[in-house]
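Only one structure is covered here, and it is reproduced in the block below.
Every number in this text was worked out from the coordinates using simple rules, so none of it is lab data. What you see is a predicted model; the values in this text were computed from it and never measured. Ideal geometry is used to build each Cβ from the backbone, glycine not excepted, and the neighbour counts take in all protein chains shown.
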């Protein structure tokens, strides 16, 4: 799995590092921003709080892994208000992450993925009236777990801020169960 993931990330020109999940800093105040509806998705998506359940349970889940690929892609913007390019950049990492998810599911090794922002597979989420259409492909954001992405990037030699008129999106794939 490690080799397939690394090959995929290189082919797609991602910047990445292999990290230890135990070094991740979880900040309750970041997770609480979800409840404050900073992004407008709270209680509107199966991939966001409150639908994802207890955040501490998800944190425990990712900490059961020995390693993770933290990867990012920088998107250039025309200016700080270029929302169209921001959306395109997020869609690139989301679609690539879904492609990698499908590739890794062909193997037998356990893994878990968190991505940049709320799941965007469906144009309109079925939450809360109907079950998720694609629960096996739904991606939860790093921020929903309260991960301090800027600190995690810095501590692992990746840039969170890449200059004026850029935005950097991150995803993470956890792999290698501790008890194996």
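Here are the numbers for this structure:
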item: Packing-based exposure ordering (other Cβ within 10 Å, fewest first) of 36, 94; result: 36, 94
item: Highest to lowest packing among 97-106, 116-125, 63-72, scored as the average C-beta count within 10 Å; result: 63-72, 116-125, 97-106
item: Debye equation applied to the C-alpha atoms of region 39-89, log10 I(q)/I(0) at 0.17, 0.18, 0.23, 0.32 Å⁻¹; result: -0.85, -0.88, -0.92, -1.07
item: Global size of region 7-108 as Cα Rg and Dmax, reported in angstrom; result: 15.9, 44
item: Relative exposure of 90, 133, judged by other C-beta atoms within 10 Å (fewest first); result: 133, 90
item: Debye log10 I(q)/I(0) at q = 0.17 Å⁻¹ for region 69-126, Cα point scatterers; result: -0.67
item: Volume per residue that the Cα convex hull of region 96-154 spans, once the total is divided by residue count, Å³; result: 115
item: The chain: relative contact order in percent, alpha carbon pairs under 8 Å with at least 6 residues between; result: 37
item: Residue with peak Gaussian network fluctuation, the chain [Cα springs, cutoff 10 Å], from 74, 164, 55; result: 164
item: Hydrodynamic radius (Kirkwood) for the chain, which is based on Cα pairs only, to one decimal in Å; result: 16.7
item: Computed label-point distance, nm, for sites residue 12 and residue 162 using a 7 Å Cα→Cβ extension; result: 1.4
